[in-house]
Amino acid sequence: MNKYQQLLLQRSIDTISRWKTKSYVENKELYRFFHSLKGTAASIELFEITNEAEIILEQLDETDGKVWTCEEWGMLMQDLFPLLNTSKTQAEEVYAATTNSHEQDSSLILLVDDDIDMVTSLKKELEKQGYLVLPALTAEKALKIYYDQKPDCVILGVHLPDRSGLDLLQLIVNKSYHSFTPVILIGTDPNREIRIKAYERGASDFIEKPIEINEFLARVKNRMYQKELIHNAILIDELTETFNRKFFTMEMDRQLQEYKRSKVPFSIVLIDLDHFKKINDTYGHITGDEVLRSLSMFMKENKRHADFFIRYGGEEFILLLPQTKKDQAKIVTQRLLKGFSKQSFWSNDERFQVTFSAGITEIADDKLTAEEYINQADQALYQIKEKGRNGVAVYNAQHKAQSVEKIVRIGVIDDDEIVRDVVTQQLNKLSLLDYMIDIQAYREGESFLQSDWHKQNGKFLIILDGVLPRMDGLEVLQKIRQHSNEKNVMVLMLTGRKTERDIVKALELGADDYLTKPFSVAELKARVRRLLLRMV
C-alpha cells in the first residue's frame, strides 16, 4: 500500500472518530467529506472506496440543511467502514511512468454545441481515440478557442444560443481553408437546403443527429487523415504564402552541405514581430493575420532575389541569406526593418504601425547543428528585446548572450492535501520541450488570488477544483478571467458534482477544459501535457 493510500485511510478514520464525539453532523459537512473521498480515492486507485462514496452521495442533497445524528450517519456509512479499516486495497502505483504515447502531441478538436450532454459524450469518445478536445457552448467562446489554440478540426453544431452555426462557419471558413482545417457540421435538420448552405459556406462534412458514434468517429478520423496528407505534402505556409518550417529544415540542410563544400559563410536572421500579442488583443485576430501577411508580402518584394523568407512559427520568421556574412546580413536586415516600420495599418479608423526585432548568426562552422544556430540567433534576438525591441543584433560568441528563459507555470488549487501532493509530484516530472515548469499548489482560492505568483508575466495553466472551502471554484474562475493576463491563462476545471450544470457554468465563465472526478493521475498528467504543448 503506497503512502497516499495510507494517508487517505487514516485521515478518513480520524474524521469519523471526531464525528463520534459530536451530537450531530451538518449535511454540508457530510456531503463535502464523501465528495472529496470519492475523487481522491479514485486518483490513488482505491476504487472500492470510490464506488461506495458515490453510492452514499446519491442519497445526499448538497443543498439540504438537515443535521445527522451519530446513529443516522453511522447507518449511512455501514458498508464503508470495512473498506476504510482494511489494508487489502489496490496497491498498484497509479503514477508509474506514463507510456510513450503520453509524450506525443495530440491533434486538437474544437467541439461546439449547446447540448452539454452530447458535448460531454462526444468529448469522452473522441478522447478515447487520443484526440485533445476543447468544448465550447457558444459561438463567442468557440471563436476565442479557434484563434488562440488553432485546432486541427472543428465540429460545429448548427444551432447555437448566440449565433447560427452557419454564420460561425462563415466567420472561420476563410482561415480554415488556409490551414486545410476540416469543419464538420452536426444538426438535427433533415432540410436539404441547410446541408447545401453548409457545403456552400465551406463545411467539409455534415453529420445528422442522433449521432451513430462509430460512423461519427470514422468520419472524423477520415477528415483528420486527409488534413495530415495535405500538410505533409506542402512547403508553403497557408496564411502568409511564404515558405514554411518544413522547407526551412530542407533548405538549411542544403545550405550546410554547400558550406562544407565551398567554405563560403551564410547567415540566418530570426525575426519576431514586436508586441504582436497586443495587436491581436487590441485590434483582433483578423487584423493580426493581415499584419503577418503584409510583413510576408513586404519581405518577398524587398529582399534580395537569392534570399529565402520563411515563416518559422506564429509571429516568428527566418530570413536565410546564402553566401552572406553577418555584417552584410545586418545591413540588409536594417534596411528591411526601416522600410517595413513605415507601413501603416488601419483598424476601426485607428492607424498604427508595426516593427520587428531581429537576431543574426553567421554560419562559418560545420560542427554545429541547425538547431544550435537557431539558438544563437535567438540569443541575439533576446538582446534586442532587452533593449526595447525594434532593432537588429548579431550573435557574438565572445559575449555569452543570455538565453531566453522559457517558463510555463502550473497552479494547482485543491483543498485536498493528498490530491495536491500527488498531482504536484507527478507534474514536476513532466518534460516539455525546452521549457521549465514552475508549479505552485494552493489549498483554497483566496490564497491563490492573494499571491503574487499568478501576477507574473508568461503562460499559466490552472488546475482548479470546482468545490473549495469558502470561495467556490467557479468564483475563483471568474476572478482569474478578470485578470489582465487572462489571455495567457488556460483553466482546467476538476468537477465531481452530479449534474451537468456545473460543467456548463464553468465553460460559460471561461474554463478551457474540464476533467470529471474520479480520474487517474496518469490521465491528468497526460491531459496537462497535451494542453501545455498547445500553449507553447
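Quick one: which of Ala370, Ala380 is touching a strand residue (DSSP E or B) at 6+ places or on another chain (Cβ under 6 Å) and surrounded by 11 or more Cβ atoms within 10 Å (Cβ to Cβ)? Please lay out each step first, then the result.
Details: Ala370 fails: touching a strand residue (DSSP E or B) at 6+ places or on another chain (Cβ under 6 Å).
Of Ala370, Ala380, the one residue that is touching a strand residue (DSSP E or B) at 6+ places or on another chain (Cβ under 6 Å) and surrounded by 11 or more Cβ atoms within 10 Å (Cβ to Cβ) is Ala380.
Kindly evaluate Glu290 against the criterion of being surrounded by fewer than 18 Cβ atoms within 10 Å (Cβ to Cβ) and under 25 Å from the mean Cα position of the chain (by Cα). Before the answer, list the steps.
On the way: surrounded by fewer than 18 Cβ atoms within 10 Å (Cβ to Cβ): yes; under 25 Å from the mean Cα position of the chain (by Cα): yes.
For Glu290, the condition - surrounded by fewer than 18 Cβ atoms within 10 Å (Cβ to Cβ) and under 25 Å from the mean Cα position of the chain (by Cα) - is met.
Picking from Leu229, Leu239, which residue would you name as being of a type outside the set (Val, Ile, Thr), under 28 Å from Leu108 (Cβ atoms), exposed (fewer than 12 other Cβ atoms within 10 Å of the Cβ) and not assigned by TED's automatic domain parsing to the domain that holds Ile310?
Values: Leu239 fails: exposed (fewer than 12 other Cβ atoms within 10 Å of the Cβ).
Step by step, each of Leu229, Leu239 is checked, and only Leu229 is of a type outside the set (Val, Ile, Thr), under 28 Å from Leu108 (Cβ atoms), exposed (fewer than 12 other Cβ atoms within 10 Å of the Cβ) and not assigned by TED's automatic domain parsing to the domain that holds Ile310.
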Taking the stretch 151-173, which residues are in a loop (DSSP other than H, G, I, E, B) and touching a Lys or Arg at 6+ places or on another chain (Cβ under 8 Å)?
Asp152
Which residue pairs have Cβ atoms under 8 Å apart, sit 6 or more places apart or on different chains, and have a first residue in the stretch 148-162 that is of a type in the set (Lys, Arg) and a second that is surrounded by fewer than 17 Cβ atoms within 10 Å (Cβ to Cβ) and assigned to a loop (DSSP other than H, G, I, E, B)?
Lys150/Ser179
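Kindly provide the set of residues from the stretch 358-376 that are touching a residue at least 40 places away in the same chain (Cβ under 8 Å), under 19 Å from Val264 (Cβ atoms) and not polar (S, T, N, Q), ordered by number. Spell out how you get there, then give the answer.
Just the residues of the stretch 358-376 that are touching a residue at least 40 places away in the same chain (Cβ under 8 Å), to begin with: 358-364, 366, 370, 373-374.
Pick out the ones that are also under 19 Å from Val264 (Cβ atoms) and you get 360-364, 366, 370, 373.
Ile360, Glu362, Ile363, Ala364, Asp366, Ala370, Tyr373, listed by residue number.
Here is a check on your reading of the model: is Ala142 in contact (Cβ under 8 Å) with a residue 60 or more places away in the chain, of a type in the set (Gly, Ala, Ser) and under 22 Å from Lys487 (Cβ atoms)? Outline the logic, then answer.
Values: in contact (Cβ under 8 Å) with a residue 60 or more places away in the chain: no; of a type in the set (Gly, Ala, Ser): yes; under 22 Å from Lys487 (Cβ atoms): yes.
It is false that Ala142 is in contact (Cβ under 8 Å) with a residue 60 or more places away in the chain, of a type in the set (Gly, Ala, Ser) and under 22 Å from Lys487 (Cβ atoms).
Matching residues to (1) in a helix (DSSP H, G or I); (2) among the charged types (D, E, K, R); (3) within 30 Å of Asp378 (Cβ to Cβ):
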| site | (1), (2), (3) |
| --- | --- |
| Met436 | no, no, yes |
| Ala441 | no, no, no |
| Ser447 | yes, no, no |
| Asn457 | no, no, yes |
| Leu461 | no, no, yes |
| Val467 | no, no, no |
| Arg470 | no, yes, no |
Qualifying positions in the stretch 324-347 - in a helix (DSSP H, G or I) and polar (S, T, N, Q):
Gln328, Thr333, Gln334
Considering only residues that are in contact with a strand residue (DSSP E or B) (Cβ under 6 Å, 6 or more places away or on another chain) and of a type in the set (Val, Ile, Thr), which ones fall in the stretch 263-290?
Ile268, Val269, Ile271, Thr287
Could you tell me how many of the residues in the stretch 500-530 are part of a loop (DSSP other than H, G, I, E, B) and either in contact with a Ser or Thr (Cβ under 6 Å, 6 or more places away or on another chain) or closer than 22 Å to Tyr147 by Cβ (or both)?
5
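Can you tell me which residue among Glu215, Glu241 is free of Cβ contacts under 8 Å to residues at least 40 places away in the same chain and either part of a loop (DSSP other than H, G, I, E, B) or not hydroxyl-bearing (Ser, Thr, Tyr) (or both)?
Working: Glu241 fails: free of Cβ contacts under 8 Å to residues at least 40 places away in the same chain.
The match here is Glu215.
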State which residue is surrounded by the most Cβ atoms within 10 Å (Cβ to Cβ) when the search covers only the stretch 348-367 and only residues that are assigned to a loop (DSSP other than H, G, I, E, B) and modelled with pLDDT of 95 or more.
Val354
Which one is farthest from Leu321 (Cα to Cα) among residues in the stretch 244-268 that are aromatic (Phe, Trp, Tyr) and in a helix (DSSP H, G or I)?
Phe247
Taking the stretch 8-19 as the region of interest, how many residues are touching a helix residue (DSSP H, G or I) at 6+ places or on another chain (Cβ under 6 Å) and not hydrophobic (A, V, I, L, M, F, W, C)?
1
Looking at Pro210 and the list (1) more than 26 Å from the chain's Cα centre (by Cα); (2) surrounded by 15 or more Cβ atoms within 10 Å (Cβ to Cβ); (3) assigned to a loop (DSSP other than H, G, I, E, B), which single condition is not satisfied?
(2)
Got at least one residue in the stretch 415-429 being more than 24 Å from Thr495 (Cβ to Cβ), in contact with an Asp or Glu (Cβ under 9 Å, 6 or more places away or on another chain) and not assigned by TED's automatic domain parsing to the domain that holds Ile44?
no
Residue satisfying all of: in the stretch 424-461; over 18 Å from the mean Cα position of the chain (by Cα) and hydrophobic (A, V, I, L, M, F, W, C); farthest from Phe33 (Cα to Cα) among these
Trp453
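The values are calculated or read from the model by the stated rules, or taken from the named source; none is laboratory data. Everything quoted here is computed from the prediction, not taken from an experiment. All Cβ positions, glycine included, derive from the backbone under ideal geometry; neighbour counts span all protein chains shown.
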